[in-house]
Amino acid sequence: MEASGDGLKVAYQGCPGAYSEAAAKKAYPSCQTVPCEYFETAFQAVENWVADRAVLPLENSLGGSIHRNYDLLLRHRLHIVGDVRLAVRHCLLANRGVKIENLRSAMSHPQALAQCEQTLTKLGIEHREAVDDTAGAAKLIAEHKLQDTGAVASSLAAQLYGLDILAENIQDDTDNITRFMMLAREPIIPRTDKPFKTSIVFSLEEGPGQLFKALAVFALRKINLTKMESRPHKKKPLRLADDNCSAPLKHFDYLFYVDLEASMADPNAQNALANLKEFATFLRVLGSYPTDVSEA
């Protein structure tokens, strides 16, 4: 059941036809998808047993990290049980009978609009309208029967909302891939018989060489890091530091999110985290899960 998703309810952010729904279907092909208005709503859906899993974006090859979801990972107690990569193929959609030359504006999620900026300009579409998600733009255009506005969304959204596809693959960069995390209430049991990734978050004391010392616990054990992200610590955003000035200076206090190419079933990884825990002010394992090796 776990591999196919048969019987699972999987939450995602957005309207039906969103790329997040496509990612949920790729992760769990036979699942029942549960659309949620906000990222936090998807977290809550799993916590409150409305859904069994959530599939939410973490980073995009063009737009970078989705910082909101990094913050929510810390606020909630869900576990990462997998990740899945999805190639994003943007299409320009419009109501039936509308031609490209009729369009004055393009509507979509801000990141989707940014990813298609050059192409839209070449097509003569100068105005942009930002909404919460790509499929929501398609739905709005269909419901209001707009004749001068197109949506940047997926081909699935065109099918769901009865829109024409005026242009395909309109992203400025062909290598447009989004990485999604799969979340559950309980962690999976890590293994060593196939490639695993482990995601952690930690904070450190202020001082020279602290981050170098933290990274060294992995380097000395030849554990490769595939991702590192720093975020201000929202519960302790500022710390006082005595820099021999007349008044103490305030510095940001940071959390470091790191992905390791290692399984928590591996004693080498266990020893590395035990070493890190000796001097980190905070450490949490977000999940240890199989690496996605499928085609995006």
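The values are calculated or read from the model by the stated rules, or taken from the named source; none is laboratory data. As the structure is a computational prediction, the values presented were derived from the model and not from experiment. Please note: Cβ atoms are built from the backbone with ideal geometry, for glycine as well, and neighbour counts cover all protein chains shown. Just the protein is used for accessible areas: all its heavy atoms, side chains included, with ligands, DNA and RNA removed. Shrake-Rupley method; radii C 1.70, N 1.55, O 1.52, S 1.80 Å.
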Let me cross-check His233: its accessible surface, 1.4 Å probe, with only protein heavy atoms counted, in Å² to the nearest 10?
20 Å²
Could you tell me which of the pairs Lys25/Lys227; Lys197/Lys277; Lys9/Lys145; Lys25/Lys139; Lys26/Lys277; Lys25/Lys197 are separated by over 29 angstrom between their Cα atoms in the structure shown?
Lys9/Lys145; Lys26/Lys277
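Can you compute the FRET efficiency between Val293 and Lys213 using 1/(1 + (r/R0)^6), with r the Cβ-Cβ distance and R0 = 45 Å? Round to the nearest 0.05. Show your work: numbers first, answer last.
Working: r = 32 Å, r/R0 = 0.72.
Rounded to the nearest 0.05, the efficiency is 0.90.
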Contour minus Cα-Cα distance for Tyr38 and Lys277 (0.36 nm per residue)
82.7 nm
If DNA, RNA and ligands are ignored and the probe is 1.4 Å, what is the ranking of Phe39, Phe212, Phe218, Phe282 by accessible area, most exposed first?
Phe212, Phe282, Phe39, Phe218
Hey, any idea what % of the chain's accessible area is carbon plus sulfur with a 1.4 Å probe?
52 percent
Longest exposed-loop-site-free stretch of the chain, with trypsin sites (Lys or Arg not before Pro), DSSP loop and at most 16 other Cβ within 10 Å?
1-76
In 10 Å bins starting at zero, report the fraction of Cα pairs in region 128-226 per bin as a rounded %.
10, 26, 18, 19, 18, 8, 0
Stretch Glu126-His76 to full length: gain in nm at 0.36 nm per residue minus the Cα-Cα span?
13.9 nm
Pick out, from Ser203, Ala42, His144, the residue whose Cα sits farthest towards the positive end of the charge dipole of the chain, with +1 on the Cβ of Lys and Arg and -1 on the Cβ of Asp and Glu.
Ser203
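So, R0 is 45 Å and r is the distance between the beta-carbons of Glu206 and Ala114; what FRET efficiency does that work out to, to 0.05?
Details: r = 35 Å, r/R0 = 0.79.
Once the sixth-power term is evaluated, E becomes 0.80.
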Any idea what diffusion coefficient region 17-164 gets from Stokes-Einstein, in µm²/s, Kirkwood Rh on alpha carbon pairs, 25 °C, 0.890 mPa s?
151 µm²/s
Computed on Cα atoms, the radius of gyration and Dmax of region 158-204 in angstrom are 19.3, 53
With runs of 4+ DSSP H residues as the only contributors, calculate the mean residue ellipticity of the chain at 222 nm using -39,500 (n - 2.57) per run, divided by the residue total and rounded to the nearest 500.
-7000 deg cm²/dmol
I need two numbers for the chain: Rg to one decimal and Dmax as a whole number, Cα atoms only, in Å.
21.7, 71
Taking only the alpha carbons of region 91-167, the radius of gyration and the largest Cα-Cα distance, Dmax, both in angstrom, are 10.5, 28
Note down the nm distance, to one decimal, between modelled labels 7 Å out along Cα→Cβ at Thr226 and at Ser105.
4.1 nm
